[in-house]
Every structure is written in C-alpha cells, then in structure tokens.
C-alpha cells in the first residue's frame, strides 16, 4: 500500500512539471499544459510537440488532457534523449478540434467528415496558441510535431490541413477525416494508428485516410492492432520506435 501511494505521489508530482497556462484571445481562452526541456536554455532552439486529447478529456480543469500520453514525455530517458517543448491543450466541453457529424449508437456509429468547413472556436484558439508559442520560445520551426487520439486524431488531420507547411510529422491515433483532404496533407510524414476492434471510431476511417494519402504519394505508415478497441493509444505509446521516428523528422 505504501509503495502504491508513493508511486501515485511521484506520478502526480511528475505531471505537475507540466506548467498550467491559459491562452487568451478576444475574450475566449484555451487552457494548456506545457512541459519545458530539462535545463531549459532560452538561447537554444527546441522541437515542439503538440498533443490533442479526445472528447472524454474536454473541459476547463486544465488537468484531464494529461490523462493519456503525458507520462510518456515525463520519462527521464525521454527527457534526456529528446529535449523538447511539449504542449497539451484542453478543448472546451461544448467544442471539438474539428467539425464532424456523428450518427447512431455504438457499435453502429457513423461519422461524417467535411472536406471544407469553418474551423471550430477551439481550432482557432489552437492556431492562435501555436503562433504565441513560436513568438515566446525559440522553437525549431523545422521540427514541429502534432499528434492526437480519437477526437484529437481527427483534430490532427484538421490542423495539418489548415497549416500544411507547419509540421514535420503527425501521429493521429484512432481518428479519421475526409479522404478528399489528402492533397492538403503532403507536408509532414505520418504514422497512423488504430485498433481493428474499435467500435467507438471504427478503424475504416483511418484506413480510408491512409489509402487516400498513399495515392497522393505521402510518406505514411499505418499500424493496426488486432483485437484492440478504442484504447489503441496504449499500444501506440508503447511502440519502441515511436519517439525515435518522431524526432528524426524535419521539414
């Protein structure tokens, strides 16, 4: 019991290394957490990693977005080997990273993704946050990376579509988008993940995107986990080559 409490305390303490911040724009705000590199030197350019959470972590507590993925970047060996600025923004409860329609109930849920649509409020705030981060810190503009899971995987496709020359690599997990946007996704390298037993966001939505992206000549890897449901992010975060692949990419 003492060991359990101690390990939980260490994890909580580690996550507190993600500083709490708020981005404000025209009366709206976007909460985010930012992890600075160890021994941060403001004269050095660092890669930027942006990670977008799923619908279950929406809100305004500036905590929930750290539930999935944040611990990976807190590992001592990761921080030593891949010094980077890591940002986890939080989408509002009544918003989303990308516009889509969802119909039906699990396991017959269907999504409609748009080729062209107006950005959500939180997407506009997210883009404003990115501009502010680039003004505030010395970021290596050739090494900006984005990833996300579920709704955040959808947001990953949307953010790259809207900013096709910004990112060096993208890692959408159990997401999806409209295949017609693939010609806007040619800038970064991609590693797409999904579980083939996912009945929340069916695997076909990633598969359709990967097929369309390959037809555009995009450098895309696709990893499908047999028998894995919607929590394929657990498998993706455990991929031994995930971070070495990500940080090797540059525009």
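The values are calculated or read from the model by the stated rules, or taken from the named source; none is laboratory data. A quick note: this is a predicted structure, and the numbers were derived from the prediction, not measured. Glycine also receives a Cβ, built like all others from the backbone with ideal geometry; neighbour counts cover every protein chain displayed.
Structure notes:
- For the range 177-210, the set of residues classified as more than 26 Å from residue 248 (Cβ to Cβ) and in contact (Cβ under 8 Å) with a residue 40 or more places away in the chain consists of 178, 180, 199, 200, 201, 202, 205, listed by residue number.
- The range 137-174, residues that are assigned to a strand (DSSP E or B) and out of contact with any strand residue (DSSP E or B) (no Cβ under 6 Å at 6 or more places or on another chain): 141, 142
- Number of the condition not met by residue 157 [criteria: (1) within 15 Å of the chain's Cα centre (by Cα); (2) surrounded by fewer than 24 Cβ atoms within 10 Å (Cβ to Cβ)]: (2)
- Selection count where residues are in a loop (DSSP other than H, G, I, E, B) and within 16 Å of the chain's Cα centre (by Cα), scope the range 209-238: 3
- For the range 67-79, the count of residues that are at pLDDT 95 or above, loosely packed, with under 13 Cβ neighbours inside 10 Å and over 13 Å from the mean Cα position of the chain (by Cα) is nonzero.
- Residue count, the range 115-136 (criterion: crowded, with 16+ Cβ neighbours inside 10 Å and not in a helix (DSSP H, G or I)): 2
- Qualifying strands (runs of 3 or more DSSP E) (wholly inside the range 16-110; at least 2 residues being touching a residue at least 60 places away in the same chain (Cβ under 8 Å)): 19-25, 28-35, 46-52, 85-90
- Given (1) touching a helix residue (DSSP H, G or I) at 6+ places or on another chain (Cβ under 9 Å); (2) touching a residue at least 60 places away in the same chain (Cβ under 8 Å); (3) under 24 Å from residue 102 (Cα atoms); (4) not in a loop (DSSP other than H, G, I, E, B), number of the condition residue 243 does not satisfy: (3)
- Taking (1) under 18 Å from the mean Cα position of the chain (by Cα); (2) assigned to a loop (DSSP other than H, G, I, E, B) in turn, residue 199 satisfies each apart from (1).
- Selection status of residue 96, at pLDDT 95 or above and over 22 Å from residue 188 (Cα atoms): yes
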